[in-house]
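Student: This structure is in structure tokens; I'll ask about it shortly.
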Amino acid sequence: MDNQPLTIHSWPRAILHLDADAFFASCEQAIHPELRGKPVITGKERGIVAAASYEAKARGVKRGMSLYEVKKVCPDIVILPSDYETYSLFSLRMFEILRRFSPDVEGYSIDEAFVELTGLRRSFHGSYGMIAQKMQETVEAELGLTVSVGLSITKVLAKIGSKHNKPHGLTVIPGRDIHLYLKDLPVEKVWGIGPNTAAFLRKFGIMTALQFAKKDEHFIKNHLSKPYQEIWHELNGRSVYPVTTEEKSSYQSISKAKTFTPPSNDETFIFAQLAKNLENACIKARRYNLAATKLIIFLRTKEFRNTGIELKLSRPTAYPSDLFGPLREGFKRIYELYSFYRQTGIVLAGLVSETGVQYTLFDDPARIEKMSRIYHAVDDLSRKFGKYTVCHAASLPTKKQTQHEGERGDVPQRITHLFRGENRRQRLGLPLLHIKV
Amino acid sequence: MCHCYIPSLLTVNYRSLYNETVKNKVREDKLRSRIRKIARFYYQKGRMPSFSEIAEITGFQSKNAVFKLVNKLEKLKVLERDDKGRLIALSIAAPVKLLGTVEAGFPSPAEEELADNLSLDDLLIQNPEATFLLKVSGDSMSEAGILPGDMVLVDKGEQPKNGDIVIAEVDGQWTMKYLRKRGENVMLLPANPKYQPIKPKKELKISGVVTAVVRKYR
């Protein structure tokens, strides 16, 4: 029964999933060639492993490990602060290279993309597998990092392909071979199926992805909700999820949180951290023309205890000066004197389109109009001179201590190795190679 | 796209006119906008309008109003009349671009010319996805005009050719040199007599081709 193909159509569609291998660590190895072949991790500023190179993984380093533990299992580890500026540049370039092959590229996350290749065999005079191989080679040659590629007839299957053989793998799963790849795959390894669903499925004797795919539609419809029904179709080679090429233009909520070391019990400093998060979130909301109807504030103590509060706003807004009132009120209610805090965060929730904002009877439209002009000017200034050119005085006490004191305060080299004309906020949009020549 | 033209001579004459007679700014703005309308007509049609056409574009009801306007403009040397009473463009024909309320002294560049401009980015970077920055620290390429502290652009997508300046790893050492290829023979040549040519013993890995050098003085 396991040898029965799930579908006899080899390529009704062709969808490619590309996943960069140990992306952050690989970017660092690409710009620091002397680090190639060495165990490298990023995340120094967070105190935990954000990404580990394959050399580090081989030594037992895992994501989320504390740096102290890492040094114990791998004493010669190279620990770097995250350089998100460079990683973002690599990510954009990766997507841009993929767009040379097909216009339908979906940047799924910073290091993953889906590409719709259906119908492109004729323009490349070769099989889908050959196109996939060419894409992989081009990305690897031009960016100097390795990627794993999966090619199949649905997104879920393409993703299984890219995970099948990592790093630097290329796995092609035509329709008639699907069952061969699902046979030994635990069902929780399928994209979208978590430990809870997997445990639920085990109750029905479903252990592998193939057993799940072979269940009849009646069972699936009776026991599982829509997202899992969709995954079931995708596993059977019926494409449900399209490759969406539009960039994300809207959000349900926007959150900003920042950790600082050492933890602090200074009330003005902690409030300033919140205020800065609020300003940041508002900048993003305004960029997408959104306004918040709810404000959520949370604090995390030194002991990793969380407290939070949700506040309803009288009018949707994306202006910090509207929000400072509720922010201070909420802060007073959850802040405990003498407690040490290590992180603050805010969430702008219930976002609505800014254009549809209705004024209430008690609003002063003239004042709101004035505020809109002020923040417009602030945004213009930021565009021209860099972020935080103008900020609220409430955020200023964040400067009392640097974000991370001590060893964790190390900043990426890109920020310290400036060219004439660059500054801390504005730099050329090209990755910098750290080679001494 | 709509350009506003205004006679360049007008500024000077206008000021005296303003001081002598015109009491309020509203009148000045009105006149300005009428001149602009006539100028626009002149640029679109390539000729001056007739009296009735002026009435149409300015919204005047009578030819008499047009007559008075023309007299005023004639005094300002914006235009004049020939012996048959037809209008001839004077300063209205010399266009200057109106930038806010300040008139710039140069004629506006034609749109088509602007569209063909290359930015410095386009000029220096052929392959945007594969181009990296590198800060030079050594002086081995000084005679090629690359000095310590300079910024070079390195293209990883280009196929290295004989004579290119390349970034290469030779036997475990990184270097920037001219690439010399003669058949099977590959050499790396410095552009500074203080340094020796390099002949790879074991391994040569070319990581990119230098496509430009940038040096900013201030």
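Just so you know, all these numbers are worked out from the coordinates, no wet-lab data involved. Predicted model, so just to flag it, every value in this text is computed and none were measured. Here the Cβ positions follow ideal geometry from the backbone for every residue, glycine too, while neighbour counts run over all protein chains shown.
Student: Rounded to the nearest 0.05, what FRET efficiency is calculated for A:Phe204 and A:Glu85 with R0 set to 56 Å and r the Cβ-Cβ distance?
Tutor: Details: r = 48 Å, r/R0 = 0.86.
That gives a FRET efficiency of 0.70.
Student: Using a 10 Å cut-off on Cβ to Cβ distances, tally the other chain neighbours for every residue of A:423-435 and report the average as a whole number.
Tutor: So the per-residue partner count for this stretch is 4.
Student: Moving on. When the Kirkwood radius is taken over all Cα pairs of the range A:93-187, what Stokes-Einstein diffusion coefficient follows at 4 °C and 1.567 mPa s, in µm²/s? Could the numbers behind the result be given before it?
Tutor: Working: Rh = 13.7 Å.
In µm²/s, the coefficient is 95.
Student: Still on this model: Jot down the radius of gyration and Dmax of the range A:34-163, Cα atoms only, both in angstrom.
Tutor: Expressed in Å, the Cα Rg and Dmax of the range A:34-163 come to 17.2, 54.
Student: Another question, if that's okay. Tell me, Kirkwood radius of the range B:120-214 from alpha-carbon pair distances, in Å?
Tutor: 13.6 Å
Student: Over the range A:320-386, one equal point on each Cα, no solvent: what is log10 I(q)/I(0) by the Debye formula at q = 0.12, 0.21, 0.22 Å⁻¹?
Tutor: Values, matching the q order: -0.53, -1.12, -1.16.
Student: If each of B:Asp29 and A:Phe304 carries a label point 7 Å out from its Cα toward its Cβ, how far apart are those two points in nm?
Tutor: 6.6 nm
Student: Measure off 7 Å from each Cα along the Cα-to-Cβ vector at B:Glu184 and B:Gln61, then give the distance between these two points in nanometres to one decimal.
Tutor: 10.0 nm
Student: Place a point 7 Å from the Cα of B:Asn192 along the Cα-to-Cβ direction; which residues of the range A:421-437 have their backbone N under 13 Å from it?
Tutor: Correct set: A:437.
Student: Another question, if that's okay. Report the FRET efficiency, 1/(1 + (r/R0)^6), for A:Gln403 and A:Gln252, where r is their Cβ-Cβ distance and R0 is 22 Å, rounded to 0.05. Kindly include the intermediate steps, with their values, before the conclusion.
Tutor: Working: r = 28 Å, r/R0 = 1.26.
The value I calculate is 0.20.
Student: Please list log₁₀ I(q)/I(0) at q = 0.19, 0.20, 0.21 Å⁻¹ for the range A:254-406, using the Debye equation with identical point scatterers on the alpha-carbon positions.
Tutor: Each listed q corresponds, in turn, to -1.17, -1.27, -1.36.
Student: Between A:Thr268 and A:Leu396, what length in nm is gained on full extension when 0.36 nm per residue of separation is reduced by their alpha carbon distance?
Tutor: 45.1 nm
Student: Take the Cβ-Cβ distance between A:Trp191 and A:Asp379 as r, set R0 to 35 Å, and report the resulting FRET efficiency rounded to the nearest 0.05. Walk me through the numbers before you get to the answer.
Tutor: Details: r = 38 Å, r/R0 = 1.07.
So the FRET efficiency works out to roughly 0.40.
Student: With a bin width of 10 angstrom, please list the P(r) values of chain A as percents of all Cα-Cα pairs, from the 0 bin to the one holding the largest distance.
Tutor: Going out from 0 Å in 10 Å bins, chain A shows 4, 17, 22, 26, 21, 9, 1, 0 percent.
Student: Also: Which value results for Rg/Rh of the range A:171-220 when Rg is the Cα radius of gyration and Rh the Kirkwood radius based on the inverse mean 1/r?
Tutor: 0.98
Student: Please compute the average number of Cβ atoms from other chains found within 10 Å of each residue's Cβ in peptide B:126-138.
Tutor: Details: counts 0, 2, 5, 15, 8, 4, 11, 11, 9, 9, 3, 3, 2.
Average neighbour count from other chains, rounded to a whole number: 6.
Student: What share of all Cα pairs of the range A:133-275, in percent, falls into each consecutive 10 Å distance bin?
Tutor: With 10 Å bins starting at 0, P(r) equals 10, 29, 24, 19, 13, 5, 0.
Student: May I pose another question? How large is the convex hull of the C-alpha atoms of the range A:81-148 per residue, in Å³? Write down the numbers at each step before the final one.
Tutor: Values: hull volume 5.7 nm³, N = 68.
Hull volume over Cα atoms, normalised by residue count, gives 84 Å³.
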